[in-house]
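Participant: First the structure, then my questions, so here it is.
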């Protein structure tokens with residue numbers, strides 16, 4: 001049994017997809033990171049206080065194993081169960097490369113674009129900076145998928161599982177799907193997988209009535225989620 005601390009986010013969706021693909025028994029619990037991210041019990045699972053995080057009650061040594069960070073969770077489950085990470089060493093390292101690309105580039109840049117396009121007003125420079133980067137990353141992935149059926153090789157891997165959710169939910173206003181035929185083909189193939197369909201349904205139902213689902217948060221909720229105030233020294237550093 002795996003306990004998943006999650007909610008309605010693309011990072012959580014990655015983990016739900018691999019759990020469904022592997023056919024593992026799991027319990028998906030909505031975790032309120034706005035109000036409870038500093039809970040010491042949760043911090044014992046994820047010191048960074050974010051979702052997703054899991055407890056695998058049948059860990060590698062037979063004892064409960066807490067683990068956080070979506071990329072680490074994907075890699076752990078793929079390694080433990082011998083799936084979605086190629087046996088061929090060349091393809092395995094290519095999978096690691098594209099997984100790290102998602103974690104270091106697609107995840108952060110797409111996330112910042114969503115924040116500055118939905119939440120912050122009068123920040124045109126920031127909005128345009130991240131919109132430009134999202135478009136650039138779309139081009140990188142479009143080119144790659146013109147060379148390979150999936151991101152790392154011709155095999156569906158954790159790199160695809162990690163990357164799919166961001167492309168499912170994030171695009172720049174004015175983008176034309178016809179400009180990205182390879183991404184469209186890849187998205188269609190992954191979306192048709194029964195485990196992916198089940199995961200999408202599961203995540204969509206976990207917190208439909210909660211404010212995080214539509215970004216309708218109050219200023220106070222945003223402050224608590226991002227820790228503003230506690231880390232206000234960042235403002236003083238900018239003024240030096």
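Participant: Looking only at helices (runs of 4 or more DSSP H) that fall completely inside segment 1-47, which ones have 1 or more residues that are out of contact with any helix residue (DSSP H, G or I) (no Cβ under 9 Å at 6 or more places or on another chain) and surrounded by fewer than 21 Cβ atoms within 10 Å (Cβ to Cβ)?
Facilitator: On the way: elements: 10-22, 33-36, 40-45.
Fully inside segment 1-47 and qualifying: 40-45.
Participant: Residue check: is residue 79 part of a loop (DSSP other than H, G, I, E, B) and free of Cβ contacts under 8 Å to residues at least 40 places away in the same chain?
Facilitator: Values: part of a loop (DSSP other than H, G, I, E, B): no; free of Cβ contacts under 8 Å to residues at least 40 places away in the same chain: yes.
Answer is no for this residue.
Participant: Could you list, in sequence order, all residues of segment 142-162 that are more than 18 Å from residue 16 (Cα to Cα) and in a helix (DSSP H, G or I)? Give the derivation first.
Facilitator: Here is the first cut: in segment 142-162, the ones more than 18 Å from residue 16 (Cα to Cα) are 142-155.
If the condition is that a residue be more than 18 Å from residue 16 (Cα to Cα) and in a helix (DSSP H, G or I), then 142, 143, 144, 145 are the ones that fit.
Participant: State which residue is surrounded by the fewest Cβ atoms within 10 Å (Cβ to Cβ) when the search covers only segment 168-178 and only residues that are without any contact (Cβ under 8 Å) to a residue 12 or more places away in the chain and in a helix (DSSP H, G or I).
Facilitator: 178
Participant: What single numbered condition from (1) within 19 Å of the chain's Cα centre (by Cα); (2) in a loop (DSSP other than H, G, I, E, B) fails to hold for residue 165?
Facilitator: (2)
Participant: A follow-up question, please. From the list 84, 110, 116, which residue is touching a residue at least 12 places away in the same chain (Cβ under 8 Å) and within 15 Å of residue 161 (Cβ to Cβ)?
Facilitator: Numbers: 110 fails: within 15 Å of residue 161 (Cβ to Cβ); 116 fails: within 15 Å of residue 161 (Cβ to Cβ).
The unique qualifying residue is 84.
Participant: To continue, here is another question. (1) out of contact with any strand residue (DSSP E or B) (no Cβ under 8 Å at 6 or more places or on another chain); (2) over 20 Å from residue 21 (Cβ atoms); (3) at pLDDT below 95: which one isn't true of residue 93, the others all being true?
Facilitator: Checking residue 93 against (1) out of contact with any strand residue (DSSP E or B) (no Cβ under 8 Å at 6 or more places or on another chain); (2) over 20 Å from residue 21 (Cβ atoms); (3) at pLDDT below 95, the one that fails is (3).
Participant: Within segment 56-73, is there a residue that is over 20 Å from the mean Cα position of the chain (by Cα) and outside the structural domain of residue 22 (by TED's automatic domain parsing)?
Facilitator: Of segment 56-73, the ones over 20 Å from the mean Cα position of the chain (by Cα) are 57-65.
After this cut, where a residue has to be outside the structural domain of residue 22 (by TED's automatic domain parsing) as well, the list is none.
No, the conditions are met nowhere in segment 56-73.
Participant: Looking only at residues in segment 29-46 that are without any contact (Cβ under 8 Å) to a residue 40 or more places away in the chain and over 18 Å from the mean Cα position of the chain (by Cα), which one is nearest to residue 65 (Cα to Cα)?
Facilitator: My answer is 44.
The values are calculated or read from the model by the stated rules, or taken from the named source; none is laboratory data. Because the structure is a prediction, the values reported are computed rather than measured. Backbone-built Cβ (ideal geometry, glycine too); neighbour counts: all protein chains shown.
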